[in-house]
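Asks: Please read through the structure below; I'll follow up with questions.
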Amino acid sequence: MQVLKNLFQVGGDINGITFDLQDALWNDGNSYILKTEDGLIMFDCGCGDTMEQIFRNMQYWDLCPDDIKYCVLTHPHFDHAGGAHLLKKRGVKLVAIGETAEAIAAGDERCCGYLYHKVFTPVEADRLVKDGETLSLLGLEMEVMHLPGHSMGCTAFLFDWTGKRVVVSGDVIGTLLVGDFGWDGSIDFNKKIYIESLRRFAKVDSDIMLPGHGMIYFHKPRRRVEQALNSALMQWR
Ligand SMILES: [Zn+2]
């Protein structure tokens, strides 16, 4: 699905772009491809078992999987990063914040393979990013925002694209069609820290939010984050 010029959603099972197991709704998080003149940047890569579907979706849009240079991970959960080891084998460089890099290197409960009755294949990140850093990939400058809570590795990436401010937000707010928050069962889930992340994120304006599941927000995504903050402040104290 094309989101903007040269920006595509290529995976995600809530809207059936990819499909993993029967009646699945959150087995496969959303994955996105940004096409630059120097190659492709992927954001999250799904659970791994849908990688061929993702590649077929890419080919439909004339995007060659061999052109993926980087995969930027929003957090270590299986439905977003389970396929990272497959990309790494193809020479794709994995980009992540320290907490996500540590979790995917261990492949332990922080990656929640148990939730899907699958085993997370550990994989090393190639490039570590830090909160507040301006990350430059293939000529694109991205702002890195560490927003822990749903998992300790949660990170949003913000950039300008065709005159729009875009944020790739992972599971920082709930996008499973119900509820305001990302899943709260992660071994490193933390409400207190999550509230602080929502406070910070609720100050960020963007035009388009590319979430970890479900629908893309094309109208004032910040309002959605403010709603989540309000719910957190009401429910979690
Ligand atoms: Zn998650």
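The values are calculated or read from the model by the stated rules, or taken from the named source; none is laboratory data. Note that the structure is predicted; figures quoted are calculated from it, not measured. Cβ coordinates were reconstructed from backbone atoms using ideal geometry, including for glycine residues, and neighbour counts include every protein chain displayed. Just so you know, the surface numbers come from the protein's heavy atoms only, side chains and all, with ligands and any DNA or RNA stripped out. Shrake-Rupley method; radii C 1.70, N 1.55, O 1.52, S 1.80 Å.
Asks: Is there a residue in segment 153-166 that is open to solvent by 70 Å² or more (accessible area, probe 1.4 Å) and on the phi > 0 side of the Ramachandran plot?
Replies: For segment 153-166, residues open to solvent by 70 Å² or more (accessible area, probe 1.4 Å) and on the phi > 0 side of the Ramachandran plot: present.
Asks: Continuing with the same structure: Name the pairs: first residue in segment 26-38 and within 18 Å of Q59 (Cβ to Cβ), second residue polar (S, T, N, Q) and within 15 Å of the ligand (Cβ to nearest atom), Cβ to Cβ under 6 Å, at least 6 apart or on different chains?
Replies: If the second residue must be polar (S, T, N, Q) and within 15 Å of the ligand (Cβ to nearest atom), no pairs are left.
Asks: Still on this structure, please answer the following. Kindly provide the set of residues from segment 90-101 that are over 16 Å from the mean Cα position of the chain (by Cα), touching a residue at least 12 places away in the same chain (Cβ under 8 Å) and open to solvent by 20 Å² or more (accessible area, probe 1.4 Å), ordered by number.
Replies: R90
Asks: What is the number of the single condition among (1) crowded, with 19+ Cβ neighbours inside 10 Å; (2) at pLDDT below 95; (3) not hydrophobic (A, V, I, L, M, F, W, C) that D23 does not meet?
Replies: (1)
Asks: Related question: One residue is enough: does segment 47-65 have a residue meeting the conditions of a type in the set (A, V, I, L, M, F, W, C), within 16 Å of the ligand (Cβ to nearest atom) and at pLDDT 95 or above?
Replies: Yes.
Asks: Moving to a separate point now. Does segment 30-40 contain any residue that is under 16 Å from the mean Cα position of the chain (by Cα), within 20 Å of P76 (Cβ to Cβ) and part of a loop (DSSP other than H, G, I, E, B)?
Replies: There is at least one residue in segment 30-40 that is under 16 Å from the mean Cα position of the chain (by Cα), within 20 Å of P76 (Cβ to Cβ) and part of a loop (DSSP other than H, G, I, E, B).
Asks: Of the residues L147, L177, L137, L198, only one is out of contact with any strand residue (DSSP E or B) (no Cβ under 9 Å at 6 or more places or on another chain) and surrounded by 19 or more Cβ atoms within 10 Å (Cβ to Cβ); which?
Replies: Numbers: L147 fails: out of contact with any strand residue (DSSP E or B) (no Cβ under 9 Å at 6 or more places or on another chain); L177 fails: surrounded by 19 or more Cβ atoms within 10 Å (Cβ to Cβ); L137 fails: out of contact with any strand residue (DSSP E or B) (no Cβ under 9 Å at 6 or more places or on another chain).
One residue alone meets the criteria, L198.
Asks: May I pose another question? Open to solvent by less than 10 Å² (accessible area, probe 1.4 Å) and touching a residue at least 12 places away in the same chain (Cβ under 8 Å), is that true of I17?
Replies: It is false that I17 is open to solvent by less than 10 Å² (accessible area, probe 1.4 Å) and touching a residue at least 12 places away in the same chain (Cβ under 8 Å).
Asks: So, K118, is that one among the basic types (K, R) and touching a residue at least 60 places away in the same chain (Cβ under 8 Å) or not?
Replies: For K118, the condition - among the basic types (K, R) and touching a residue at least 60 places away in the same chain (Cβ under 8 Å) - is met.
Asks: With the requirement that a residue be among the small types (G, A, S) and within 26 Å of G163 (Cα to Cα), what does segment 177-217 give you?
Replies: Passing the criteria: A202, S206, G212, G214.
Asks: Return the total of residues in segment 201-227 being open to solvent by 80 Å² or more (accessible area, probe 1.4 Å), touching a residue at least 12 places away in the same chain (Cβ under 8 Å) and closer than 20 Å to G12 by Cβ.
Replies: Number of matching residues: 1.
Asks: Given the criteria without any contact (Cβ under 8 Å) to a residue 60 or more places away in the chain, in a loop (DSSP other than H, G, I, E, B) and not aromatic (F, W, Y), does D66 qualify?
Replies: Judged against the criteria, D66 is not a match.
Asks: What number goes with the only condition from (1) surrounded by fewer than 17 Cβ atoms within 10 Å (Cβ to Cβ); (2) within 21 Å of W183 (Cα to Cα); (3) not charged (D, E, K, R) that T36 does not pass?
Replies: Every listed condition holds for T36 apart from (2).
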